[in-house]
Structure formats: C-alpha cells, structure tokens
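Visitor: Dropping a structure here in structure tokens format, bear with me for questions.
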Amino acid sequence: MDRQQIEFITNEIISLQLKVNSKIILSCASLADYGADHLDRLDIVMKIREKFNIWLKPNYVADLRAEKIEHLYDEIQNHINV
C-alpha cells in the first residue's frame, strides 16, 4: 500500500469520526485542530487498527492530541512496511 492510499483511507476515517470533509484535512494539522477529543482519538485509532490490521502502542491515543496528522500517516506506513 502506498502513501497516497494510506492518507486517503486515514482521512476518510478521520472525516467520518469528526464529521469534517476529508478534502479539507491537512497533514500539517492535528486532530485537535478539527475538534477531536480523547474519545474521538481513541475511536480513530481503533478504526485504523482494524482497517490496516496494525497495532499502535497504547499511549498513542494521548500522543495524537498534539501530533500532526502527517505523523499518523508515518506511523501507519511504518507498521505496514514491517
């Protein structure tokens, strides 16, 4: 799976959870910029785990509050390419 596919799928998950248009999601933004609270971040991580069949570290949900969405793409890609 290439980076573009990862970004598209991840943006779809984020847009459905946060009810924002997937076309306006910027990789330089954080989930908090789109109004995500702790439960939103948890749901997003769980959906990403299911969709990509990967394991993200348990404290990753807390880390997502401040991290840019681009880092989430990187994390997914690193797990897929293992």
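Visitor: Somewhere in region 5-25, is a residue in a loop (DSSP other than H, G, I, E, B), without any contact (Cβ under 8 Å) to a residue 12 or more places away in the chain and more than 10 Å from the chain's Cα centre (by Cα)? Spell out the reasoning first.
Guide: Just the residues of region 5-25 that are in a loop (DSSP other than H, G, I, E, B), to begin with: 19-21, 25.
Okay, now just the ones that are also without any contact (Cβ under 8 Å) to a residue 12 or more places away in the chain, so 19, 21.
Retained after the next criterion (residues that are more than 10 Å from the chain's Cα centre (by Cα)): 19, 21.
Yes, region 5-25 contains a residue that is in a loop (DSSP other than H, G, I, E, B), without any contact (Cβ under 8 Å) to a residue 12 or more places away in the chain and more than 10 Å from the chain's Cα centre (by Cα).
Visitor: Further, regarding this structure: Does K57 meet the test of being under 22 Å from M1 (Cβ atoms), of a type outside the set (A, V, I, L, M) and in a helix (DSSP H, G or I)?
Guide: Details: under 22 Å from M1 (Cβ atoms): yes; of a type outside the set (A, V, I, L, M): yes; in a helix (DSSP H, G or I): no.
It is false that K57 is under 22 Å from M1 (Cβ atoms), of a type outside the set (A, V, I, L, M) and in a helix (DSSP H, G or I).
Visitor: Does region 37-62 hold any residues that are in contact with a Lys or Arg (Cβ under 8 Å, 6 or more places away or on another chain) and either at positive phi or surrounded by 15 or more Cβ atoms within 10 Å (Cβ to Cβ) (or both), and which are they?
Guide: Once the filter is applied, which keeps residues that are in contact with a Lys or Arg (Cβ under 8 Å, 6 or more places away or on another chain) and either at positive phi or surrounded by 15 or more Cβ atoms within 10 Å (Cβ to Cβ) (or both), region 37-62 yields R41, L56, V61.
Bear in mind these aren't lab numbers, they're just calculated from the coordinates by the rules spelled out. All values reported here derive from a predicted model rather than from experimental measurement. Don't worry about glycine lacking a Cβ; one is built from the backbone with ideal geometry, like all the others, and counts go over all protein chains shown.
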